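Undergrad: If you scroll down you'll find the structure; I have some questions about it.
The values are calculated or read from the model by the stated rules, or taken from the named source; none is laboratory data. A quick note: this is a predicted structure, and the numbers were derived from the prediction, not measured. Here the Cβ positions follow ideal geometry from the backbone for every residue, glycine too, while neighbour counts run over all protein chains shown.
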Amino acid sequence: MNNRIDAHQHFWKFDPVRDSWIDDTMQKIQRDFLPEDLMWLLTENNFEGCVAVQASQSEEETNFLLDLAKQNSFIKGIVGWVDLRNKNIAERLEHFSVYEKLKGFRHVVQGEPDDFMFEKDFRNGIAALKQFNYTYDILIFHRQLPAAIDLIKNFPDQPFVIDHIAKPDIKSGDIISWKKGIEEISKYENVWCKISGMVTEADWNSWKADDLK
């Protein structure tokens with residue numbers, strides 16, 4: 001058995017309101033996408049399984065992914081959503097701690113103001129994760145790297161995962177500030193990075209492999 005795992009996979013029952021991020025530029029995926037749609041692709045490409053990551057910001061989404069994982073053994077882990085700014089965050093994490101496949105949480109910070117990661121309530125939520133051995137996925141645009149670096153620096157014992165290499169502006173080729181930020185993050189041993197999401201930041205219609213190097 002191999003150990004190849006797709007580290008970042010979304011599943012959904014398509015709802016055009018809730019899933020508005022799947023706009024008309026992505027018509028091919030404006031439909032349900034469930035484990036049975038992925039399983040054959042994983043098998044064909046010699047992958048053992050995947051990690052399912054939240055795409056909607058609700059505990060309902062977390063429960064949806066947990067149900068899928070219970071029914072599909074190739075879903076090896078879940079990165080869910082919980083309101084990290086909730087005053088009762090410890091209680092919510094305790095609630096979810098019984099689910100072995102739930103490995104961490106993510107908030108779609110790329111859609112928030114650039115100072116979101118400095119908010120006291122958010123950082124209180126981050127501080128609560130370590131007690132339950134949860135990771136935190138950082139989903140940002142490259143302009144938010146300074147805030148991410150400050151977050152990482154202030155929580156040295158918290159495991160972080162950078163999603164989609166922090167979304168550099170591959171399309172324009174202006175990656176100097178992104179490169180500087182990533183080099184700074186690489187100094188921290190509590191951070192991992194997913195090599196993913198690059199095509200979405202390139203020119204969708206004319207990208208080349210060399211654009212991603």
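Undergrad: Is it the case that region 157-172 has a residue that's outside any helix (DSSP H, G or I), modelled with pLDDT of 95 or more and among the aliphatic types (A, V, I, L, M)?
TA: Yes, region 157-172 contains a residue that is outside any helix (DSSP H, G or I), modelled with pLDDT of 95 or more and among the aliphatic types (A, V, I, L, M).
Undergrad: Continuing with the same structure: Of all residues being β-branched (Val, Ile, Thr), touching a residue at least 24 places away in the same chain (Cβ under 8 Å) and part of a helix (DSSP H, G or I) in region 173-194, which is nearest to GLY125 (Cα to Cα)? Just the residue, please.
TA: Selected residue: ILE185.
Undergrad: Restricting to region 20-39, give me the number of residues that are crowded, with 18+ Cβ neighbours inside 10 Å, farther than 22 Å from LYS101 by Cβ and in contact (Cβ under 8 Å) with a residue 12 or more places away in the chain.
TA: So the answer is 0.
Undergrad: Being basic (Lys, Arg) and more than 15 Å from LEU38 (Cα to Cα) is the filter here, so list the residues in region 64-92 that pass it. Break it down stepwise before answering.
TA: Going residue by residue through region 64-92, those that are basic (Lys, Arg) are 70, 76, 85, 87, 92.
LYS70, ARG85, LYS87, ARG92 - these are the residues of region 64-92 that are basic (Lys, Arg) and more than 15 Å from LEU38 (Cα to Cα).
Undergrad: Here's another thing I want to ask about it. In region 125-148, which residues are under 18 Å from ASP169 (Cβ atoms) and either at pLDDT below 95 or assigned to a helix (DSSP H, G or I) (or both)? Outline the logic, then answer.
TA: Pass one, region 125-148, residues under 18 Å from ASP169 (Cβ atoms): 138-148.
Within region 125-148, HIS142, ARG143, GLN144, LEU145, PRO146, ALA147, ALA148 meet the criteria.
Undergrad: Every residue in region 40-95 that is assigned to a loop (DSSP other than H, G, I, E, B), surrounded by fewer than 14 Cβ atoms within 10 Å (Cβ to Cβ) and out of contact with any Lys or Arg (no Cβ under 9 Å at 6 or more places or on another chain), please.
TA: At the first step, the residues of region 40-95 found to be assigned to a loop (DSSP other than H, G, I, E, B) are 45-48, 54-58, 72-74, 81-88.
Subset that is surrounded by fewer than 14 Cβ atoms within 10 Å (Cβ to Cβ): 45-46, 73, 87-88.
SER73, LYS87, ASN88 - these are the residues of region 40-95 that are assigned to a loop (DSSP other than H, G, I, E, B), surrounded by fewer than 14 Cβ atoms within 10 Å (Cβ to Cβ) and out of contact with any Lys or Arg (no Cβ under 9 Å at 6 or more places or on another chain).
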